[in-house]
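A.B. asks: I am attaching a structure below and will ask some questions about it afterwards.
Each value in this text was obtained by applying a stated rule to the coordinates, not by laboratory testing. All values reported here derive from a predicted model rather than from experimental measurement. Cβ coordinates were reconstructed from backbone atoms using ideal geometry, including for glycine residues, and neighbour counts include every protein chain displayed.
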Amino acid sequence: MHAVALTALKGGVGKTSTAVNLAALSALAGHRTLVWDIDPQAGATACLGVKPKLRGGAQRLLGSDRDLTGSIRRSSVEGLDVLPGDYSLREADVIVSGSRRPRRTFRRVLAAVGKDYDVVLIDCPPGIGASTEVLVKAVDLLLIPVVPAPLDLRALDRFAEVIVDLGAPPELLAPFLSQVDRRKPLHRKLVEEVRTTRHFLAAAIPLSSAVERMPLEQVPTVVAAPRSLASVALRDLWAEVSERLGLD
Ligand SMILES: Nc1ncnc2c1ncn2[C@@H]1O[C@H](COP(=O)(O)OP(=O)(O)O)[C@@H](O)[C@H]1O
Ligand SMILES: [Mg+2]
């Protein structure tokens, strides 16, 4: 099983939208795929048409060894399931910090779902809390959406520093451009700059009304609007992620 987390210091940058779409592409490629929503806002859960209700709440999820099959829901996409998020996850950092073995909390869940899924995409809340600290040690890739703006690039540098200080290898971090608006000269300039000076994935997700509509339609963009420019870019991104993970 391969675990990929969508994470960033900032909110509103495209973590949830990308997690849902990459998960759909993974399922369409024939991999048994799970979206694990650990954001109390439960946006990924809602985008996949699943009720934001986690059986037993965050305490039961992170605090005990147990079978998770009763908590997992089917989505409308064949082969794509959801471990839903709900508001109880606002306690996740407290649960992890209070645990005698914090690193086991997330690892235990991943171990429990590992036998049933080939790919798990974890949709994280913004920021770096106790959960992020243990999660970076438990996943194979950290995908970080970055909007091409000076403060967002600064936030990425800060985030990367913290992650590497936590003991993660720099190769774990995979930033990519998100919400790119080619009408904006500054976006065009920063896209070029990023390409030449930084280790970003090559795919860049454009600003797109097809992506924006997803929470209303509750169908992944790559399924609802497969020919949109955003879907083309999302498929490019998935190809790079698959390659990094060594999926066929
Ligand atoms: N490529 C995009 N084009 C247009 N709107 C987008 C795009 N990516 C995300 N959005 C919109 O921006 C907002 C934040 O996106 P979201 O994926 O929830 O970010 P995050 O999970 O990082 O907070 C949502 O309203 C979403 O629909
Ligand atoms: Mg989100």
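A.B. asks: Provide the net charge surrounding A112, with neighbours chosen by a C-beta distance below 14 Å and charges set as Lys +1, Arg +1, Asp -1, Glu -1. Provide the component values of the computation, followed by the final result.
C.D. replies: Values: positive: R55, R60, R66, R104, R107, R108, K115; negative: D65, D67, D81, D116.
In short, +3.
A.B. asks: When Lys and Arg each count +1 and Asp and Glu each count -1, what net charge do the other residues less than 13 Å away from R182, Cβ to Cβ, add up to? Each step should come with its number before you reach the end.
C.D. replies: Values: positive: R183, K184, R188, K189; negative: D181, E192.
Cβ neighbours under 13 Å give a net charge of +2.
A.B. asks: Within a 10 angstrom radius of the beta carbon, how do D37, D123, D81 rank from fewest other beta carbons to most? Write out the running numbers ahead of the final one.
C.D. replies: Numbers: D37 31, D123 27, D81 24.
Ranking D37, D123, D81 by Cβ neighbours within 10 Å, fewest first, gives D81, D123, D37.
A.B. asks: Rounded to the nearest 500 deg cm²/dmol, what is the calculated helix-only ellipticity per residue at 222 nm for the chain, with -39500 (n - 2.57) per DSSP H run of length n ≥ 4?
C.D. replies: Numbers: 12 runs with 110 residues, N = 248.
Mean residue ellipticity, 222 nm, calculated: -12500 deg cm²/dmol.
A.B. asks: If we count every other residue with Cβ under 11 angstrom of G70's Cβ, Lys/Arg +1 and Asp/Glu -1, where does the sum land? Don't skip to the end; give the middle numbers.
C.D. replies: Working: positive: R55, R60, R66, R73; negative: D67.
Around G70, the surrounding residues sum to +3.
A.B. asks: Tell me which lysines have Cα within less than 29 Å of K115's Cα, excluding those fewer than 8 residues away on the same chain?
C.D. replies: Candidates past the 8-residue exclusion: K15, K51, K53, K137.
A.B. asks: Let me check against my output: what whole-number percent is the relative contact order of segment 22-180, with C-alpha pairs under 8 Å and at least 6 apart? Show your work: numbers first, answer last.
C.D. replies: Values: 247 pairs, mean separation 40.4, N = 159.
Here the relative contact order equals 25 percent.
A.B. asks: Sticking with this structure for a sec: Arranged by the count of other C-beta atoms within 10 angstrom, fewest first, what order do V20, V180 take? Mind showing how you got there, number by number?
C.D. replies: Details: V20 35, V180 20.
Taking fewest neighbouring Cβ atoms as first place, the list is V180, V20.
A.B. asks: Now for a different question. Measuring from label point to label point, each 7 Å out along Cα→Cβ, what is the R104 to E212 span in nm?
C.D. replies: Placing both labels 7 Å along Cα→Cβ, they lie 4.8 nm apart.
A.B. asks: For each of I95, I144, count neighbouring Cβ atoms within 10 Å of the residue's Cβ, then give the residues from fewest to most. Could the numbers behind the result be given before it?
C.D. replies: On the way: I95 21, I144 27.
Fewest to most other Cβ atoms nearby, the residues stand as I95, I144.
A.B. asks: Below 18 Å, Cα to Cα, which aspartates and glutamates can K184 reach? Residues fewer than 8 away in the same chain don't count.
C.D. replies: Cross-link targets: D152, E192, E193.
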